[in-house]
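Student: I have a structure here, written as structure tokens, and I will follow up with some questions on it.
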Amino acid sequence: MDSPSIHLSGFLLSALQFECISSPHSDADICGLLLGTVTTKKTSQMSDVGPEVTIETMRIAVRSYVATSKRKGPGPWVDKHGKVNASAVDSWAAAAGQGLQVVGFFRFRGNTRLIPSIRERAIYESLQERGVRPPILLVMTCNHVTPATVSFEHGCFVRSAGTWESCPVVVENLVQSVGGWDMQSTLPQSGTMVGKLHQLSRDSVDKHEKVLEEMVEQIKGAVSKLVDSEKRLKEVKLNTNKPSTGLLIDI
């Protein structure tokens, strides 16, 4: 079987990038688990010059993540030696629900080359030992081109026969179904993005409620003015149609 195809939505990629630059620990390496689904398809390829060949394709869809920071410690799911805590990993996957499983992990390193490190190899092999096959490694980095411009890079890797292989990453829409594949994303399970989203949601609701209240008051004022205007118009019409009571005197 060839290297797996890696798929994630634009929303999730943006969330990971936001996580990397907005975390209060953004000056330190940030790592986390990738959650998603693994699907395998078998297709038959026919040829006029040979027997029918069965091709097996593996598709890994990344749908959510769990972020931790090195400054807070190595995180509850992996120790400082790169050894994965299997129970913690299983707990995060169970909390995510929706049939998601651990499919790998990601690392963010500020302005570095996209090459897996020794520590990342240790984490990768530990995930393999606990049954994640094949785990994927998503390495992310950014470079501040100007104070107002940030350039992001990312690379996805799998390890096969003792060597790292780069895998192309397909960035898809939030919901996309092509050739029977289904792609959906969920909110991150843990990280800076979660709190930001909730705060943005609350702020948005408060702002909309204030705007709605102001609009209601404006409508009430407009209705009151309309009623007064109709009342004055009615009085004018009554006065216009009223017969004259004056006396005519012939001279």
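Student: For the range 153-185, how many residues meet the condition of being of a type outside the set (A, V, I, L, M), surrounded by fewer than 18 Cβ atoms within 10 Å (Cβ to Cβ) and at pLDDT 55 or above?
Tutor: 9
Student: If I ask for residues that are open to solvent by 60 Å² or more (accessible area, probe 1.4 Å) and farther than 29 Å from THR39 by Cβ, which ones from the range 123-145 would you list?
Tutor: ASN143, HIS144, VAL145
Student: Just to be sure I understand, how many residues within the range 74-102 are at pLDDT 80 or above and either buried (at least 19 other Cβ atoms within 10 Å of the Cβ) or more than 21 Å from GLU125 (Cβ to Cβ) (or both)?
Tutor: The number of residues fulfilling the criteria is 9.
Student: Would you pick out the residues in the range 119-138 that are of a type outside the set (A, V, I, L, M) and within 13 Å of PRO4 (Cα to Cα)?
Tutor: The answer is ARG133, PRO134, PRO135.
Student: Same structure, new question: Suppose we filter ILE55, ILE60, ILE115 for residues that are open to solvent by 30 Å² or more (accessible area, probe 1.4 Å), within 18 Å of HIS154 (Cα to Cα) and among the aliphatic types (A, V, I, L, M); which single one remains?
Tutor: Answer to the check: ILE115.
The values are calculated or read from the model by the stated rules, or taken from the named source; none is laboratory data. Remember, it's a predicted structure, so these values are computed and weren't measured experimentally. Every residue, glycine as well, gets a Cβ built from its backbone with ideal geometry; the counts of neighbours run over all protein chains shown. All accessible areas refer to the heavy atoms of the entire protein, side chains included, with ligands and DNA or RNA removed. Shrake-Rupley method; radii C 1.70, N 1.55, O 1.52, S 1.80 Å.
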